[in-house]
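The values are calculated or read from the model by the stated rules, or taken from the named source; none is laboratory data. It should be emphasised that the depicted structure is a prediction, and the values quoted were computed from it without experimental measurement. Glycine gets a Cβ as well: all are built from the backbone with ideal geometry, and neighbour counts include every protein chain shown. For accessibility, only protein heavy atoms count, side chains too; no ligands or nucleic acids. Shrake-Rupley method; radii C 1.70, N 1.55, O 1.52, S 1.80 Å.
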Amino acid sequence: MTTFVDRVELHVAAGNGGHGCASVHREKFKPLGGPDGGNGGRGGDVILTVDQSVTTLLDYHHSPHRKATNGKPGEGGFRSGKDGQDLVLPVPNGTVVLDKAGNVLADLVGHGTSYIAAQGGRGGLGNAALASARRKAPGFALLGEPGDVHDIVLELKTVADVALVGYPSAGKSSLISVLSAAKPKIADYPFTTLVPNLGVVTAGSTVYTIADVPGLIPGASQGKGLGLEFLRHVERCSVLVHVLDTATLESDRDPVSDLDVIEAELKQYGGLDNRPRIVVLNKIDVPDGKDLAEMVRPDLQARGYRVFEVSAVAHTGLKELSYALADLVATARAAKPKEEATRIVIRPQAVDDAGFTVTREADGLFRVRGEKPERWVRQTDFNNDEAVGYLADRLNRLGVEQELVKAGAKAGDGVAIGPEDNAVVFDWEPSLTAGAEMLGRRGEDHRFEGVRPAAQRRRERQAERDEAQREFDDFEPF
């Protein structure tokens, strides 16, 4: 049964924002007490947070779909809806977040480091918040925004100071078991270790972590065997230790050729040239192993490697190796740049940035792209004429109509707001006024219907009064 998973595909969905409420306050002797619809609640976020107690991505392997809760809708009496609850997903230290194309979105290192994988939708405004001097009693409210939905990939790169690399059955698991308190599975057949093992080593005043990276064989960097699955765990290590088997039973292998093969795989994987190396000649408790170690030691030292002869079984040479690794780890830690507190960078919007773009496509359709127009469209109830009129007012004030005119749009041309896969398309009818002063009964807008007879009669009576006033002003007494 799988107990260690270091790569999963996760489907995350944030909560949707709650809809605003369109309500009018009513009580005895006050049948129309004004708008009192509350705002909708914000949808919950999906947040990835580093937790030191988590060491594998197994939970997300079995349950890859995660969703935060939605915000509650607003209610009458100025009651706003409850915000959705954030969904916090604990991940191991060293988790890398990528999109489906392989682009790195976040590198989560350090306890408590977090990343918002999916942003919750905004809650819609109620009609109380939409009331203004011209629109005293809005008959509509804004809809809540849908939350983000993303497919992401989580990759675990073990955070350790020292990485043990070498052929299967070279004795890496035995070595980590005697250097630390780790208890990996140990057997005398290849590929005994199927998951990276971590151990904590104390050498004097230095405490460091050591990792056993399994599965490295010729062709590992191209996906052969298990190597490609675990080579990523070497990336974060400060020191590389080549564990060479001096008592192998395979006639075509020797410690020097094993070292060359593993070095070739690390070079093809890339990014590890600057890591200090140490060579460990293991299994010197075997008579032939001791003789072979003494034979190849001068050749390895001539290449510039520090060589240690050890026996994990007999506990020989372990103290010297542990302190040598501690010195290299301390040097690497001292060379790291000092961590600075996170700086908040505020980038104000440019003065000449309208916040949207208007482009004409090959089929003659005009497409409007921008954060505000697209958000406003998502929050509009298109079953309510007044809400649609309010959207038209906002787009006009933003300058969308002027840009459409500059782009060559004419009355009746198709205009799409939003991306190609999720856009609202309508026939453009330019307006010369903002439109708020044209509103009649709540929930209606004259731009979307003919003039009502009552309104026409009012206009005719007003015209008659204006004509009578002009005749009076022009009258000259004898």
Which pairs, out of Lys157/Lys336; Lys283/Lys319; Lys157/Lys283; Lys28/Lys72; Lys172/Lys267; Lys283/Lys336, put more than 23 Å between their alpha-carbon atoms?
Lys157/Lys283; Lys28/Lys72; Lys283/Lys336
Counting only heavy atoms of protein chains, what accessible area per residue, in Å², does the range 358-430 have with a probe of 1.4 Å?
53
Keeping all protein chains in position, work out how much accessible area Leu89 exposes to a 1.4 Å probe, and write it in Å² to the nearest 10.
0
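If Glu320, Glu145, Glu9 are ordered by their accessible area, calculated over protein heavy atoms with a 1.4 Å probe, which sequence runs from highest to lowest? Before the final figure, lay out each step's value.
Working: Glu320 110, Glu145 15, Glu9 80 Å².
In descending accessible area the options line up as Glu320, Glu9, Glu145.
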With all protein chains present and a 1.4 Å probe, the order of Glu420, Glu386 from largest accessible area down is Glu420, Glu386
Using a 1.4 Å probe and ignoring any ligands, DNA or RNA, find the accessible area of Cys21 and quote it in Å² to the nearest 10.
30
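At 1.4 Å probe size, put His11, His242, His19, His315 in order of accessible surface, largest to smallest.
Working: His11 50, His242 0, His19 90, His315 115 Å².
Output order, biggest surface exposure first: His315, His19, His11, His242.
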Probe 1.4 Å, all chains present, heavy atoms only: Thr316 accessible area in Å², nearest 10, is 60
Under 5 Å between amide H atoms, partner at least 5 residues away or on a different chain: which partners does Thr316 have, H built in plane at 1.01 Å?
Ser311
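Over 17 Å, how big is the tail of the calculated P(r) for the range 1-137, in percent of all Cα pairs? Before the final figure, lay out the partial values.
Numbers: 6189 of 9316 pairs.
Of all Cα-Cα pairs in the range 1-137, 66 percent lie more than 17 Å apart.
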With the dipole of the range 14-144 worked out from charges on the C-beta (+1 for Lys and Arg, -1 for Asp and Glu) around the Cα centre, which of Leu32, Val104, Thr69 lies farthest toward the positive end?
Leu32
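On average, how much accessible surface per residue is there in the range 24-89, in Å², for a 1.4 Å probe, leaving out ligands, DNA and RNA? Mind showing how you got there, number by number?
On the way: 3920 Å² over 66 residues.
Using a 1.4 Å probe on heavy atoms only, each residue of the range 24-89 averages 59 Å².
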Quick one: which residues, 5+ away or cross-chain, put their amide H under 5 Å from the amide H of Ala203? H built at 1.01 Å from N.
Tyr208
Over the Cα atoms of the range 105-173, what Rg and Dmax result, in angstrom?
25.6, 81
Using a Förster radius of 60 Å, what is the FRET efficiency between Asp285 and Glu371 based on their Cβ-Cβ separation? Nearest 0.05, please.
0.30
